[in-house]
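The values are calculated or read from the model by the stated rules, or taken from the named source; none is laboratory data. Here the structure is a predicted model, which is why all the values come from computation and not from measurement. Please note: Cβ atoms are built from the backbone with ideal geometry, for glycine as well, and neighbour counts cover all protein chains shown. Quick note on the areas: whole protein, heavy atoms, side chains included, nothing else; ligands and nucleic acids left out. Shrake-Rupley method; radii C 1.70, N 1.55, O 1.52, S 1.80 Å.
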Amino acid sequence: VQLQASGGGLVQPGGSLRLSCAASGSMFRSNVMGWYRQAPGKQRELVARISSGGIGNYADSVKGRFTISRDNAKNTVYLQMNSLKPEDTAVYYCNTIPSIRTLWGPGTQVTVSS
């Protein structure tokens, strides 16, 4: 079963997007969840993580602009992205932390461009 991220799109610099990722209940509730991204020609990187109790941590590059949250009732994790920059352009994925290879889905494309 893959994790399906959604909510990406084309947005102008300074704009906002909200990504969503739904997971199965048993896997979601007990795991730390993360949002990762991979830009063209770069390695995949972790940008935000959230504990099962809802505590978020962020990469320096997105701190203060991105907010990770989770709805345990809906088994869904979100990434609110504000003040987007062209360097945020990437395919965004969700997965557990540590990641599980079989859970990688196709991700959702975020393009920040004027």
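In sequence order, what are the phi-derived ³J(HN,Hα) couplings for the range 86-96 according to the Karplus relation 6.51 cos²θ - 1.76 cosθ + 1.60 with θ = phi - 60°, rounded to whole Hz, with x for glycine and proline?
Computed from phi, the couplings for the range 86-96 are x, 6, 7, 4, 4, 8, 9, 10, 10, 6, 6 Hz.
Show me, for the range 97-114, the HN-Hα J-couplings you get by feeding each phi into the Karplus relation (A = 6.51, B = -1.76, C = 1.60, θ = phi - 60°), rounded to Hz, glycine and proline as x.
The phi angles translate into 10, x, 5, 10, 4, 6, 8, 4, x, x, x, 10, 7, 10, 10, 10, 7, 8 Hz.
Any idea which of S61, V47, S24 is furthest toward the positive side of the dipole for the chain, if Lys and Arg beta-carbons carry +1 and Asp and Glu beta-carbons -1?
Going by the Cα projections, it comes out as S24.
How long, wide and thick is the chain, going by the Cα atoms along their three principal axes, in whole angstroms, largest first?
Result for the chain: principal-axis Cα extents of 41, 25, 22 Å.
Expected output is a single nm value to one decimal: the length gained when fully extending between Q2 and D60, i.e. 0.36 nm times separation in residues minus the C-alpha distance. What is it?
Between Q2 and D60, full extension yields 18.1 nm more.
When the Cα centres of the range 1-31 and the range 52-114 are compared, how far apart do they sit, in Å?
So the two Cα centres are separated by 6 Å.
For S20, put the label point 7 Å out on the Cα→Cβ axis and report which residues of the range 81-95 keep their amide N under 18 Å from it.
81-82, 92-95
Given labels modelled 7 Å from the Cα in the Cβ direction, how far is it in nm from S51 to S99?
Result for the modelled spin labels: 2.4 nm.
So what is the accessible area of the chain per residue, in Å², with the probe set to 1.4 Å?
51
What percent does the relative contact order of the range 1-110 come to when contacts are Cα pairs within less than 8 Å and at least six residues apart?
With pairs under 8 Å counted, the relative contact order is 38 percent.
Of all DSSP beta bridges located in the chain, what percent are antiparallel, nearest 5?
90
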